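Right, one structure below, let's go through it.
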Amino acid sequence: GKKQTFEGGMRVPCIMRWPGRIPAHSTCHQLTATLDLLPTVAKLAGAVLPDRRIDGLDISPLLFGREGATSPHPCFYYYWQRELRAVRQGQWKLQFPHVDRETPDPQHPGNGGRRGNTMGVAHPLALYNLEDNPDESVDVAPVYPQIVAALSGLADVARKDLGDTLQNKSGENVRPCAVVKPAAK
């Protein structure tokens with residue numbers, strides 16, 4: 001499973017084809033997420049979304065290559081379970097201190113389809129410029145303290161909303177994973 005919030009595990013391509021609607025041979029470099037598919041497909045189908053909070057946003061302007069279209073997300077929060085591990089805005093990504101508890105151990109790999117040993121790897125606070133350094137190998141936090149502060153402020157908004165077990169914060173709008181309450185009749 002993708003238990004890490006680094007770009008190597010999170011950044012994946014999306015390929016879509018819809019002749020006559022999605023421009024052929026086009027490329028979009030805007031950041032979106034799988035959670036955007038529900039509101040986008042619902043809008044395209046003319047469906048009305050339920051009267052409850054939906055995490056995704058409509059990305060149809062990006063799909064259709066509209067001039068000047070940008071991601072509808074002001075920022076992205078990277079959670080693993082209930083741990084807020086990173087926040088991204090534009091080219092900047094701030095990783096918060098955390099421990100990846102099940103990192104594959106290169107000294108004891110799996111064999112014959114069986115999983116190998118895992119180990120814990122601690123990650124410190126680090127700021128990355130994903131435009132210059134998409135592999136997140138150069139921490140630039142000491143050079144850009146104002147960006148660290150701004151992204152930390154965005155993280156506080158997420159913690160108030162969804163909580164963060166790394167900081168023992170419960171969040172005002174936490175709801176059970178994969179559970180949808182029936183709509184009121």
Residue in the range 49-74 that is nearest to the chain's Cα centre (by Cα), counting only those that are closer than 24 Å to residue 176 by Cβ and hydrophobic (A, V, I, L, M, F, W, C): 57
Enumerate the pairs (first residue in the range 104-130 and charged (D, E, K, R); second residue anywhere and open to solvent by less than 60 Å² (accessible area, probe 1.4 Å)) with beta-carbon separation below 8 Å, excluding pairs fewer than 6 apart on the same chain, so at least 6 apart or on different chains. 105/116; 105/118
What residue, among those in the range 161-185 that are modelled with pLDDT of 90 or more and in a loop (DSSP other than H, G, I, E, B), is least open to solvent (accessible area, probe 1.4 Å)? 163
Residue identified as charged (D, E, K, R), at pLDDT 90 or above and either surrounded by 16 or more Cβ atoms within 10 Å (Cβ to Cβ) or closer than 19 Å to residue 86 by Cβ (or both) among 55, 36: 36
Which of the strands (runs of 3 or more DSSP E) found entirely inside the range 28-136 contain at least 3 residues meeting this: at negative phi and in contact with a Cys (Cβ under 7 Å, 6 or more places away or on another chain)? 83-89
What are the residues in the range 146-160 that are crowded, with 18+ Cβ neighbours inside 10 Å and under 12 Å from residue 96 (Cα atoms), if any? 148, 151, 155
Residue count, the range 51-100 (criterion: of a type in the set (Val, Ile, Thr), within 28 Å of residue 142 (Cα to Cα) and touching a residue at least 40 places away in the same chain (Cβ under 8 Å)): 1
Could you tell me which numbered condition residue 13 fails, if it satisfies all but one of (1) assigned to a loop (DSSP other than H, G, I, E, B); (2) under 28 Å from residue 173 (Cβ atoms); (3) open to solvent by 60 Å² or more (accessible area, probe 1.4 Å)? (2)
Any chance you could count how many residues in the range 105-140 are open to solvent by less than 70 Å² (accessible area, probe 1.4 Å) and closer than 16 Å to residue 90 by Cβ? 8
Kindly list, by first and then second residue, each pair from a residue in the range 37-48 that is without any contact (Cβ under 8 Å) to a residue 60 or more places away in the chain to a residue that is open to solvent by 60 Å² or more (accessible area, probe 1.4 Å) and of a type in the set (Gly, Ala, Ser), limited to pairs with Cβ atoms under 9 Å and residues at least 6 apart or on different chains. none
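The values are calculated or read from the model by the stated rules, or taken from the named source; none is laboratory data. It should be emphasised that the depicted structure is a prediction, and the values quoted were computed from it without experimental measurement. Glycine gets a Cβ as well: all are built from the backbone with ideal geometry, and neighbour counts include every protein chain shown. Side chains included, ligands, DNA and RNA excluded: accessible areas come from the protein's heavy atoms. Shrake-Rupley method; radii C 1.70, N 1.55, O 1.52, S 1.80 Å.
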